[in-house]
Amino acid sequence: MTVRSSRILVGGFLVAAFVGATGVASAAPERPVKPPRPHEVRPALPAGQNNPAIAGGVAVGGGVATYTASGLGPREADTSAPAGSPERYSEYPTPPPGVTITEAQSLNVLKEITGNLKAQGLTLRDVISMRAYLANAPGTDTADFAGWNRAYRQYFANTDLSTGAPVNVPLGTAPPAPPMYVNPARPSRVTLEIENLPVRGWLVEVEVVAAFR
């Protein structure tokens, strides 16, 4: 994966926007692309890749209703950890080998999103767009994009597009294993590194758009 970053000022905060996966952008089509049908949801997926992480974009027909979830962070999961600490929002009181605190919080957030969507009659398979905000873990110079991406693959983009079969994914430093939630969805996605998040201890906040279909 090739990642580009640029630093911009948003609301008084310096942020770094990380975009990209090699191969998402493709050459102009040989013939004009037709707009989506009224009830069609059509991700723009890179040609020749069986397991891309994200779509280059998603076309949505005018007859498709969508739901936009507010930004969600991790719930307090480990009440034995100090209040306001990142560990208090970890999915694991004792993380598996190699699982970073950002990875553990990301798994927590993705479970929160699952519940949020379920209340609307939706699932993670209906997600078409995602925006993730990451803050630095204490003692680090940059956000843990690798940990976020590992957690993301546990819940999204973990099937082979040519066969539909689940693809094993890593958790921490463990060998790849079956994903926690099998999901062929490849939403469009942007991930931003920001200076801080609204709740002390949060390292991850995610908002999604899902389509009713």
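The values are calculated or read from the model by the stated rules, or taken from the named source; none is laboratory data. Keep in mind that what you see is a predicted model, and the values were worked out from it rather than measured. Note that each Cβ is placed from the backbone with ideal geometry, even for glycine, and that neighbours are counted across all protein chains shown.
Conditions tested, residue by residue: (1) among the basic types (Lys, Arg); (2) touching a residue at least 40 places away in the same chain (Cβ under 8 Å); (3) assigned to a helix (DSSP H, G or I).
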| residue | (1), (2), (3) |
| --- | --- |
| 55 | no, yes, no |
| 64 | no, yes, no |
| 78 | no, no, no |
| 95 | no, yes, no |
| 102 | no, yes, yes |
| 115 | no, no, yes |
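Which of the following residues is of a type outside the set (S, T, N, Q), without any contact (Cβ under 8 Å) to a residue 40 or more places away in the chain and at positive phi: 172, 164?
Numbers: 172 fails: without any contact (Cβ under 8 Å) to a residue 40 or more places away in the chain.
Going through 172, 164 in turn, the sole match is 164.
From the list 28, 47, 59, which residue is exposed (fewer than 12 other Cβ atoms within 10 Å of the Cβ), modelled with pLDDT of 55 or more and among the hydrophobic types (A, V, I, L, M, F, W, C)? So that I can check it myself, show each step before the final result.
Values: 28 fails: modelled with pLDDT of 55 or more; 59 fails: exposed (fewer than 12 other Cβ atoms within 10 Å of the Cβ).
So the residue among 28, 47, 59 that is exposed (fewer than 12 other Cβ atoms within 10 Å of the Cβ), modelled with pLDDT of 55 or more and among the hydrophobic types (A, V, I, L, M, F, W, C) is 47.
In the list 196, 183, which residue meets the criterion of being under 14 Å from residue 110 (Cα atoms) and either free of Cβ contacts under 8 Å to residues at least 24 places away in the same chain or in a loop (DSSP other than H, G, I, E, B) (or both)? Don't jump to the end; show me each part of the working.
Values: 196 fails: under 14 Å from residue 110 (Cα atoms).
Testing whether each residue is under 14 Å from residue 110 (Cα atoms) and either free of Cβ contacts under 8 Å to residues at least 24 places away in the same chain or in a loop (DSSP other than H, G, I, E, B) (or both) leaves just 183.
Would you mention how many residues in the stretch 169-180 are part of a loop (DSSP other than H, G, I, E, B) and either among the aliphatic types (A, V, I, L, M) or in contact with a His (Cβ under 9 Å, 6 or more places away or on another chain) (or both)? Even if it seems obvious, please write down each step before you answer.
Keep residues of the stretch 169-180 that are part of a loop (DSSP other than H, G, I, E, B), which gives 170-176, 178-180.
With the extra rule that they be either among the aliphatic types (A, V, I, L, M) or in contact with a His (Cβ under 9 Å, 6 or more places away or on another chain) (or both), the set shrinks to 171, 174, 180.
Number satisfying all stated conditions: 3.
Go through the stretch 126-144 residue by residue and tally those that are loosely packed, with under 13 Cβ neighbours inside 10 Å and either within 23 Å of residue 183 (Cα to Cα) or without any contact (Cβ under 8 Å) to a residue 40 or more places away in the chain (or both).
So in the stretch 126-144, the residues loosely packed, with under 13 Cβ neighbours inside 10 Å come out as 138-139, 141-142.
Right, trim to either within 23 Å of residue 183 (Cα to Cα) or without any contact (Cβ under 8 Å) to a residue 40 or more places away in the chain (or both) and you get 139, 141.
Of the residues in the stretch 126-144, 2 are loosely packed, with under 13 Cβ neighbours inside 10 Å and either within 23 Å of residue 183 (Cα to Cα) or without any contact (Cβ under 8 Å) to a residue 40 or more places away in the chain (or both).
Which residue out of 178, 184 is out of contact with any Cys (no Cβ under 9 Å at 6 or more places or on another chain) and under 20 Å from residue 99 (Cβ atoms)? Outline the logic, then answer.
On the way: 184 fails: under 20 Å from residue 99 (Cβ atoms).
That would be 178, the only listed residue that is out of contact with any Cys (no Cβ under 9 Å at 6 or more places or on another chain) and under 20 Å from residue 99 (Cβ atoms).
Hey, among 131, 153, which residue is part of a helix (DSSP H, G or I) and under 20 Å from residue 55 (Cβ atoms)? Before the answer, list the steps.
Numbers: 131 fails: part of a helix (DSSP H, G or I).
Sole residue among the options that is part of a helix (DSSP H, G or I) and under 20 Å from residue 55 (Cβ atoms): 153.
Name the residues in the stretch 37-93 that are farther than 24 Å from residue 120 by Cβ, touching a helix residue (DSSP H, G or I) at 6+ places or on another chain (Cβ under 6 Å) and aliphatic (A, V, I, L, M), would you?
Selection gives 81 alone.
So, residue 199, is that one within 30 Å of residue 82 (Cβ to Cβ), out of contact with any Ser or Thr (no Cβ under 8 Å at 6 or more places or on another chain) and of a type in the set (Val, Ile, Thr) or not?
On the way: within 30 Å of residue 82 (Cβ to Cβ): yes; out of contact with any Ser or Thr (no Cβ under 8 Å at 6 or more places or on another chain): yes; of a type in the set (Val, Ile, Thr): yes.
Spelling it out, residue 199 is indeed within 30 Å of residue 82 (Cβ to Cβ), out of contact with any Ser or Thr (no Cβ under 8 Å at 6 or more places or on another chain) and of a type in the set (Val, Ile, Thr).
Do you know which residues across the stretch 159-213 are of a type in the set (A, V, I, L, M, F, W, C) and touching a Lys or Arg at 6+ places or on another chain (Cβ under 6 Å)? Working first, answer last.
Residues of the stretch 159-213 that are of a type in the set (A, V, I, L, M, F, W, C), as a first pass: 161, 165, 167, 169, 171, 174, 177, 180, 182, 185, 190, 192, 194, 197, 199, 202-204, 206, 208-212.
The answer is 169, 185, 190.
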